[in-house]
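The values are calculated or read from the model by the stated rules, or taken from the named source; none is laboratory data. Treat the numbers as computed from the prediction; the structure is a model and nothing was measured. So basically every Cβ, Gly included, is an ideal-geometry build from the backbone, and we count neighbours across all protein chains shown. With ligands, DNA and RNA removed, areas are computed over all heavy atoms of the protein, side chains included. Shrake-Rupley method; radii C 1.70, N 1.55, O 1.52, S 1.80 Å.
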Amino acid sequence: MTLVDSPILVPRLRVPIIKRRESPSSVADNRFGKYCDVIKSLETLGEESESSSRGSSLHDLTEEPVHTGGITSEDSLLLTQAEALYKEDKLLEAARILGNLDPRFLDPFHLSIIRKAKLGEELMKDLTSSLDDGWSKQSGTHGSSHESNIFHRFDQTKTKLTVRVESVIEQSLLVPLLSVLNETELFATWLPHWKTPRFRISQSTKLRQSGRCSQDILVGVDPPWPLGRREVAISAVGFDDIDTNGVIAIRLDSVQGGKNVDGLVIPEPEGKGTVRIDFRGGFLFRRCPTNHSLLIQQTERKRHARKQKKTAAAVKEEEEPLLVSFSMYNDATLDSIPKPLMNFVLRIVIAKVWNRLLKVAEDVRSGKRPMHSKAIENKRATLYDWVDDRVKAMFDLFDQDNLIA
(Lines give C-alpha, C1' and ligand atoms only; values in the text may rest on other atoms or scores of the structure.)
Protein backbone atom coordinates (compact mmCIF):
# COMPACT_ATOMS: atom_id res chain seq x y z
CA MET A 1 0.00 0.00 0.00
CA THR A 2 1.35 3.40 -0.95
CA LEU A 3 0.68 6.79 0.52
CA VAL A 4 -1.64 7.67 -2.34
CA ASP A 5 -3.94 4.72 -1.72
CA SER A 6 -7.28 5.58 -0.15
CA PRO A 7 -7.75 6.54 2.62
CA ILE A 8 -4.95 9.12 2.82
CA LEU A 9 -3.07 8.45 6.02
CA VAL A 10 0.38 9.15 7.36
CA PRO A 11 1.20 6.91 10.32
CA ARG A 12 1.39 8.61 13.67
CA LEU A 13 4.91 8.96 14.93
CA ARG A 14 6.07 7.91 18.35
CA VAL A 15 8.60 10.57 19.26
CA PRO A 16 11.14 9.41 21.85
CA ILE A 17 11.18 11.61 24.94
CA ILE A 18 14.63 12.62 26.14
CA LYS A 19 14.83 12.50 29.90
CA ARG A 20 16.05 15.51 31.77
CA ARG A 21 19.68 15.72 32.76
CA GLU A 22 20.79 14.02 29.58
CA SER A 23 23.26 15.70 27.30
CA PRO A 24 21.85 18.29 24.89
CA SER A 25 24.46 17.14 22.44
CA SER A 26 22.44 13.96 22.05
CA VAL A 27 20.50 15.93 19.44
CA ALA A 28 23.24 14.82 17.05
CA ASP A 29 22.47 11.12 17.44
CA ASN A 30 18.96 11.17 15.95
CA ARG A 31 17.23 10.61 19.27
CA PHE A 32 14.56 13.18 18.53
CA GLY A 33 13.09 15.04 15.59
CA LYS A 34 11.24 12.21 13.89
CA TYR A 35 8.25 14.52 13.68
CA CYS A 36 9.95 15.86 10.54
CA ASP A 37 9.00 12.61 8.80
CA VAL A 38 5.54 14.11 8.49
CA ILE A 39 6.92 16.74 6.10
CA LYS A 40 8.68 14.08 4.02
CA SER A 41 5.54 11.95 3.90
CA LEU A 42 3.40 14.87 2.83
CA GLU A 43 5.91 15.88 0.17
CA THR A 44 6.04 12.33 -1.13
CA LEU A 45 2.29 12.27 -1.15
CA GLY A 46 2.16 15.47 -3.14
CA GLU A 47 4.76 14.29 -5.66
CA GLU A 48 3.23 10.87 -6.22
CA SER A 49 -0.31 12.16 -6.44
CA GLU A 50 0.56 14.59 -9.25
CA SER A 51 0.57 11.71 -11.72
CA SER A 52 -2.31 9.83 -10.11
CA SER A 53 -5.97 9.99 -10.98
CA ARG A 54 -6.64 11.78 -7.71
CA GLY A 55 -4.98 14.92 -9.09
CA SER A 56 -4.29 16.34 -5.64
CA SER A 57 -1.03 17.95 -4.53
CA LEU A 58 0.71 18.86 -1.31
CA HIS A 59 -0.70 22.38 -1.72
CA ASP A 60 -4.22 21.00 -2.08
CA LEU A 61 -3.85 18.86 1.02
CA THR A 62 -2.40 21.60 3.21
CA GLU A 63 -4.64 24.44 2.09
CA GLU A 64 -7.87 22.51 2.62
CA PRO A 65 -7.28 19.51 4.90
CA VAL A 66 -9.83 16.73 4.53
CA HIS A 67 -10.95 15.84 8.04
CA THR A 68 -12.30 12.41 7.20
CA GLY A 69 -14.16 11.10 10.19
CA GLY A 70 -13.86 14.41 12.02
CA ILE A 71 -11.26 15.62 14.47
CA THR A 72 -11.56 14.32 18.01
CA SER A 73 -11.72 16.57 21.05
CA GLU A 74 -8.36 15.14 22.14
CA ASP A 75 -6.71 16.05 18.84
CA SER A 76 -8.30 19.50 18.93
CA LEU A 77 -6.85 20.02 22.41
CA LEU A 78 -3.41 18.92 21.19
CA LEU A 79 -3.58 21.40 18.29
CA THR A 80 -4.41 24.18 20.73
CA GLN A 81 -1.55 23.08 22.99
CA ALA A 82 0.91 23.08 20.09
CA GLU A 83 -0.15 26.56 19.01
CA ALA A 84 0.28 27.84 22.57
CA LEU A 85 3.76 26.31 22.79
CA TYR A 86 4.71 27.95 19.51
CA LYS A 87 3.64 31.36 20.85
CA GLU A 88 5.91 30.73 23.84
CA ASP A 89 8.86 30.13 21.45
CA LYS A 90 8.85 26.40 22.17
CA LEU A 91 8.99 25.61 18.48
CA LEU A 92 10.32 22.06 18.69
CA GLU A 93 7.93 21.09 21.49
CA ALA A 94 5.05 22.30 19.36
CA ALA A 95 6.30 20.34 16.36
CA ARG A 96 6.67 17.16 18.41
CA ILE A 97 2.97 17.34 19.25
CA LEU A 98 1.95 18.12 15.68
CA GLY A 99 4.11 15.27 14.39
CA ASN A 100 1.98 12.81 16.33
CA LEU A 101 -1.28 14.06 14.85
CA ASP A 102 -3.00 12.91 11.68
CA PRO A 103 -1.68 15.24 8.94
CA ARG A 104 -5.23 15.67 7.62
CA PHE A 105 -5.90 17.90 10.63
CA LEU A 106 -2.91 20.19 10.03
CA ASP A 107 -3.37 23.51 8.25
CA PRO A 108 -0.61 25.58 6.56
CA PHE A 109 0.24 27.29 9.84
CA HIS A 110 0.87 23.95 11.55
CA LEU A 111 2.97 22.71 8.65
CA SER A 112 5.05 25.90 8.77
CA ILE A 113 5.77 25.13 12.43
CA ILE A 114 7.01 21.66 11.51
CA ARG A 115 9.19 23.02 8.68
CA LYS A 116 10.73 25.64 10.98
CA ALA A 117 11.33 22.96 13.60
CA LYS A 118 13.10 20.80 11.04
CA LEU A 119 15.48 23.68 10.29
CA GLY A 120 15.96 24.21 14.01
CA GLU A 121 16.77 20.56 14.51
CA GLU A 122 19.33 20.70 11.70
CA LEU A 123 21.00 23.70 13.34
CA MET A 124 21.24 21.91 16.68
CA LYS A 125 22.76 18.86 15.04
CA ASP A 126 25.26 20.98 13.13
CA LEU A 127 26.39 22.89 16.21
CA THR A 128 26.74 19.81 18.42
CA SER A 129 28.55 17.68 15.83
CA SER A 130 32.24 16.85 15.97
CA LEU A 131 34.84 19.31 14.68
CA ASP A 132 37.20 16.52 13.70
CA ASP A 133 35.95 15.83 10.19
CA GLY A 134 37.48 18.23 7.67
CA TRP A 135 37.49 21.31 9.88
CA SER A 136 40.48 23.65 10.01
CA LYS A 137 41.11 25.76 13.07
CA GLN A 138 41.39 29.30 11.79
CA SER A 139 42.15 31.10 15.02
CA GLY A 140 41.60 31.18 18.75
CA THR A 141 41.47 33.94 21.30
CA HIS A 142 43.14 32.75 24.46
CA GLY A 143 44.26 34.87 27.35
CA SER A 144 41.61 37.51 26.62
CA SER A 145 38.32 37.90 28.48
CA HIS A 146 36.77 34.86 26.81
CA GLU A 147 38.13 31.73 25.23
CA SER A 148 37.04 31.29 21.61
CA ASN A 149 37.83 29.00 18.69
CA ILE A 150 37.10 29.68 15.02
CA PHE A 151 36.94 26.86 12.47
CA HIS A 152 36.17 26.73 8.76
CA ARG A 153 35.55 24.00 6.23
CA PHE A 154 35.22 23.94 2.44
CA ASP A 155 33.12 21.41 0.61
CA GLN A 156 34.66 18.88 -1.78
CA THR A 157 34.53 21.36 -4.66
CA LYS A 158 36.31 24.02 -2.59
CA THR A 159 33.59 26.50 -3.57
CA LYS A 160 31.28 26.38 -0.53
CA LEU A 161 32.36 27.63 2.87
CA THR A 162 31.11 26.87 6.39
CA VAL A 163 32.39 28.73 9.44
CA ARG A 164 31.87 27.67 13.04
CA VAL A 165 32.73 29.62 16.19
CA GLU A 166 32.61 28.61 19.84
CA SER A 167 33.08 30.68 22.98
CA VAL A 168 32.64 30.19 26.71
CA ILE A 169 30.85 33.05 28.46
CA GLU A 170 29.48 33.72 31.93
CA GLN A 171 25.78 33.34 32.64
CA SER A 172 25.52 37.08 33.33
CA LEU A 173 26.74 37.89 29.81
CA LEU A 174 23.88 36.15 27.99
CA VAL A 175 21.30 38.94 28.25
CA PRO A 176 23.80 41.62 27.14
CA LEU A 177 24.93 39.38 24.28
CA LEU A 178 21.36 38.74 23.15
CA SER A 179 20.64 42.46 23.30
CA VAL A 180 23.58 43.15 20.96
CA LEU A 181 22.26 40.53 18.53
CA ASN A 182 18.59 41.44 18.87
CA GLU A 183 18.89 45.22 18.57
CA THR A 184 19.68 45.21 14.88
CA GLU A 185 19.03 48.94 14.61
CA LEU A 186 22.16 49.49 16.71
CA PHE A 187 24.49 47.36 14.57
CA ALA A 188 26.03 50.48 13.05
CA THR A 189 27.17 51.63 16.50
CA TRP A 190 29.53 48.72 17.03
CA LEU A 191 30.24 46.66 13.90
CA PRO A 192 33.82 47.16 12.70
CA HIS A 193 34.68 48.39 9.21
CA TRP A 194 37.83 48.59 7.13
CA LYS A 195 39.06 51.26 4.73
CA THR A 196 41.80 49.15 3.13
CA PRO A 197 40.48 46.97 1.72
CA ARG A 198 37.05 48.57 1.91
CA PHE A 199 34.72 46.30 3.83
CA ARG A 200 31.80 47.44 5.92
CA ILE A 201 28.20 46.80 6.89
CA SER A 202 26.43 49.69 5.21
CA GLN A 203 22.84 48.82 6.13
CA SER A 204 20.97 46.99 8.86
CA THR A 205 17.21 47.34 8.74
CA LYS A 206 14.70 45.45 10.86
CA LEU A 207 11.78 44.53 8.63
CA ARG A 208 9.70 42.93 11.37
CA GLN A 209 9.90 41.67 14.95
CA SER A 210 7.82 38.49 14.98
CA GLY A 211 8.67 37.03 18.38
CA ARG A 212 10.87 37.43 21.43
CA CYS A 213 14.00 36.48 19.51
CA SER A 214 12.52 36.17 16.02
CA GLN A 215 12.77 38.89 13.42
CA ASP A 216 13.36 39.58 9.75
CA ILE A 217 16.22 41.91 8.81
CA LEU A 218 17.94 43.26 5.72
CA VAL A 219 21.72 43.66 5.83
CA GLY A 220 23.85 45.41 3.21
CA VAL A 221 27.60 44.92 2.79
CA ASP A 222 30.05 47.04 0.78
CA PRO A 223 32.90 44.71 -0.28
CA PRO A 224 36.14 45.73 -2.02
CA TRP A 225 36.29 46.39 -5.74
CA PRO A 226 35.62 44.72 -8.14
CA LEU A 227 32.70 43.24 -6.20
CA GLY A 228 29.48 45.22 -6.03
CA ARG A 229 27.16 45.71 -3.10
CA ARG A 230 25.91 42.55 -1.45
CA GLU A 231 22.66 42.19 0.46
CA VAL A 232 21.16 39.42 2.54
CA ALA A 233 17.59 39.27 3.82
CA ILE A 234 17.57 37.09 6.93
CA SER A 235 14.71 35.44 8.73
CA ALA A 236 15.81 34.78 12.33
CA VAL A 237 13.74 32.26 14.31
CA GLY A 238 14.51 31.93 18.00
CA PHE A 239 13.34 28.91 19.96
CA ASP A 240 13.52 27.50 23.47
CA ASP A 241 14.20 23.77 23.79
CA ILE A 242 15.49 23.90 27.35
CA ASP A 243 12.95 21.50 28.85
CA THR A 244 13.97 18.68 26.49
CA ASN A 245 17.54 19.38 25.40
CA GLY A 246 18.78 22.27 27.54
CA VAL A 247 19.33 24.79 24.75
CA ILE A 248 18.18 28.12 23.39
CA ALA A 249 18.85 28.67 19.69
CA ILE A 250 18.38 31.17 16.89
CA ARG A 251 18.16 29.86 13.34
CA LEU A 252 19.18 32.24 10.52
CA ASP A 253 18.06 31.72 6.92
CA SER A 254 18.26 34.00 3.92
CA VAL A 255 15.07 34.83 2.04
CA GLN A 256 14.89 35.92 -1.58
CA GLY A 257 13.21 39.14 -2.61
CA GLY A 258 9.50 38.96 -3.31
CA LYS A 259 8.96 35.90 -1.11
CA ASN A 260 6.13 35.98 1.41
CA VAL A 261 7.32 34.99 4.89
CA ASP A 262 4.31 34.56 7.18
CA GLY A 263 2.67 37.66 5.73
CA LEU A 264 5.80 39.74 5.18
CA VAL A 265 6.87 40.27 1.58
CA ILE A 266 10.67 40.55 1.41
CA PRO A 267 11.73 43.61 -0.64
CA GLU A 268 13.62 43.13 -3.87
CA PRO A 269 17.27 44.31 -4.11
CA GLU A 270 17.67 48.00 -4.88
CA GLY A 271 20.46 49.68 -6.77
CA LYS A 272 22.31 48.71 -9.91
CA GLY A 273 24.68 45.81 -9.43
CA THR A 274 23.33 44.82 -6.00
CA VAL A 275 23.47 41.06 -5.47
CA ARG A 276 21.24 39.27 -2.97
CA ILE A 277 23.24 36.40 -1.46
CA ASP A 278 22.20 33.15 0.20
CA PHE A 279 23.06 32.42 3.79
CA ARG A 280 22.16 30.06 6.59
CA GLY A 281 23.42 29.56 10.10
CA GLY A 282 22.53 30.37 13.67
CA PHE A 283 23.40 30.49 17.35
CA LEU A 284 23.15 27.83 20.04
CA PHE A 285 23.34 28.61 23.77
CA ARG A 286 23.76 25.80 26.29
CA ARG A 287 25.40 24.94 29.57
CA CYS A 288 29.08 24.29 28.94
CA PRO A 289 30.21 20.70 29.54
CA THR A 290 33.01 20.38 32.08
CA ASN A 291 35.18 18.50 29.60
CA HIS A 292 34.97 21.10 26.83
CA SER A 293 38.46 22.17 25.75
CA LEU A 294 37.66 25.90 25.92
CA LEU A 295 36.38 25.64 29.47
CA ILE A 296 39.45 23.66 30.51
CA GLN A 297 41.71 26.34 29.00
CA GLN A 298 39.75 29.13 30.64
CA THR A 299 39.81 27.39 34.02
CA GLU A 300 43.58 26.92 33.79
CA ARG A 301 44.07 30.57 32.88
CA LYS A 302 41.99 31.74 35.82
CA ARG A 303 43.77 29.36 38.17
CA HIS A 304 47.12 30.73 37.01
CA ALA A 305 45.89 34.30 37.41
CA ARG A 306 44.62 33.55 40.89
CA LYS A 307 47.95 32.02 41.80
CA GLN A 308 49.85 35.00 40.47
CA LYS A 309 47.30 37.42 41.94
CA LYS A 310 47.52 39.53 38.82
CA THR A 311 43.84 40.20 38.16
CA ALA A 312 40.99 41.33 40.31
CA ALA A 313 38.67 39.11 38.30
CA ALA A 314 40.50 36.05 39.58
CA VAL A 315 39.09 36.46 43.10
CA LYS A 316 35.49 36.94 41.97
CA GLU A 317 32.97 34.20 42.59
CA GLU A 318 32.87 31.88 39.61
CA GLU A 319 29.75 32.04 37.44
CA GLU A 320 28.13 29.16 35.66
CA PRO A 321 29.68 28.86 32.18
CA LEU A 322 27.64 28.90 28.98
CA LEU A 323 28.84 27.61 25.63
CA VAL A 324 27.93 29.84 22.70
CA SER A 325 28.17 28.21 19.26
CA PHE A 326 27.68 29.95 15.93
CA SER A 327 27.73 28.69 12.37
CA MET A 328 27.29 30.26 8.96
CA TYR A 329 27.15 28.68 5.54
CA ASN A 330 27.34 30.66 2.32
CA ASP A 331 25.77 29.07 -0.74
CA ALA A 332 27.43 31.57 -3.06
CA THR A 333 30.10 30.11 -5.32
CA LEU A 334 33.48 31.31 -4.09
CA ASP A 335 35.21 31.08 -7.48
CA SER A 336 34.24 34.69 -8.20
CA ILE A 337 35.80 35.99 -4.96
CA PRO A 338 39.49 36.90 -5.17
CA LYS A 339 41.61 34.67 -2.97
CA PRO A 340 43.24 37.60 -1.09
CA LEU A 341 39.76 38.83 -0.14
CA MET A 342 38.73 35.37 1.01
CA ASN A 343 41.86 35.12 3.19
CA PHE A 344 41.11 38.57 4.57
CA VAL A 345 37.59 37.54 5.56
CA LEU A 346 38.70 34.21 7.06
CA ARG A 347 41.73 35.45 8.96
CA ILE A 348 40.68 38.93 10.01
CA VAL A 349 37.02 39.87 9.51
CA ILE A 350 35.34 36.92 11.22
CA ALA A 351 37.58 37.00 14.30
CA LYS A 352 37.34 40.77 14.55
CA VAL A 353 33.54 40.82 14.36
CA TRP A 354 33.19 37.95 16.86
CA ASN A 355 35.57 39.49 19.38
CA ARG A 356 33.87 42.84 18.93
CA LEU A 357 30.51 41.20 19.60
CA LEU A 358 31.74 39.79 22.92
CA LYS A 359 33.44 43.07 23.88
CA VAL A 360 30.29 45.10 23.20
CA ALA A 361 28.28 42.60 25.29
CA GLU A 362 30.75 43.18 28.14
CA ASP A 363 30.28 46.93 27.73
CA VAL A 364 26.51 46.51 27.88
CA ARG A 365 26.83 44.47 31.07
CA SER A 366 29.00 47.14 32.69
CA GLY A 367 26.66 49.97 31.62
CA LYS A 368 28.93 51.51 28.99
CA ARG A 369 26.37 51.18 26.18
CA PRO A 370 23.40 53.35 27.22
CA MET A 371 21.35 52.68 24.05
CA HIS A 372 21.56 48.95 24.57
CA SER A 373 20.84 49.35 28.29
CA LYS A 374 17.73 51.36 27.43
CA ALA A 375 16.60 48.69 24.97
CA ILE A 376 17.03 46.00 27.63
CA GLU A 377 14.94 47.95 30.13
CA ASN A 378 12.22 48.65 27.54
CA LYS A 379 11.98 44.95 26.67
CA ARG A 380 12.79 43.45 30.05
CA ALA A 381 9.24 42.33 30.79
CA THR A 382 8.70 40.74 27.37
CA LEU A 383 12.15 39.36 26.59
CA TYR A 384 15.09 39.72 28.90
CA ASP A 385 13.44 38.67 32.19
CA TRP A 386 12.23 35.62 30.28
CA VAL A 387 15.82 34.89 29.17
CA ASP A 388 17.04 35.06 32.77
CA ASP A 389 14.30 32.71 33.95
CA ARG A 390 14.88 30.20 31.17
CA VAL A 391 18.65 30.14 31.71
CA LYS A 392 18.07 29.40 35.39
CA ALA A 393 15.85 26.53 34.29
CA MET A 394 18.63 25.34 31.99
CA PHE A 395 21.05 25.03 34.90
CA ASP A 396 18.42 23.45 37.15
CA LEU A 397 17.46 20.76 34.65
CA PHE A 398 20.83 19.66 33.34
CA ASP A 399 23.87 18.55 35.33
CA GLN A 400 27.05 20.04 33.92
CA ASP A 401 29.10 16.93 34.63
CA ASN A 402 26.74 14.80 32.51
CA LEU A 403 27.00 16.96 29.42
CA ILE A 404 29.11 15.93 26.45
CA ALA A 405 31.46 18.38 24.77
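Data overview
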item: Heavy-atom accessible area order for CYS213, CYS288, largest first, 1.4 Å probe; result: CYS213, CYS288
item: Restraint check, LYS352/LYS379; LYS160/LYS352; LYS125/LYS272, Cα-Cα greater than 31 Å; result: LYS125/LYS272
item: Net charge contributed by nearby residues that have their C-beta within less than 13 Å of LYS259 (K/R +1, D/E -1); result: -4
item: Ranked order, ASP253, ASP241 - accessible area, probe 1.4 Å, largest first; result: ASP253, ASP241
item: Probe 1.4 Å - accessible area at ASP396, Å² to nearest ten; result: 100 Å²
item: For segment 254-304 and segment 149-181, distance of Cα centres in Å; result: 7 Å
item: Around SER145: net Lys/Arg minus Asp/Glu count, Cβ-Cβ under 10 Å; result: -2
item: Residue-level accessible surface for SER327, protein heavy atoms, 1.4 Å, Å²; result: 20 Å²
item: Greater than 21 Å apart at Cα, pairs in LYS302/LYS359; LYS87/LYS116; LYS90/LYS368; result: LYS90/LYS368
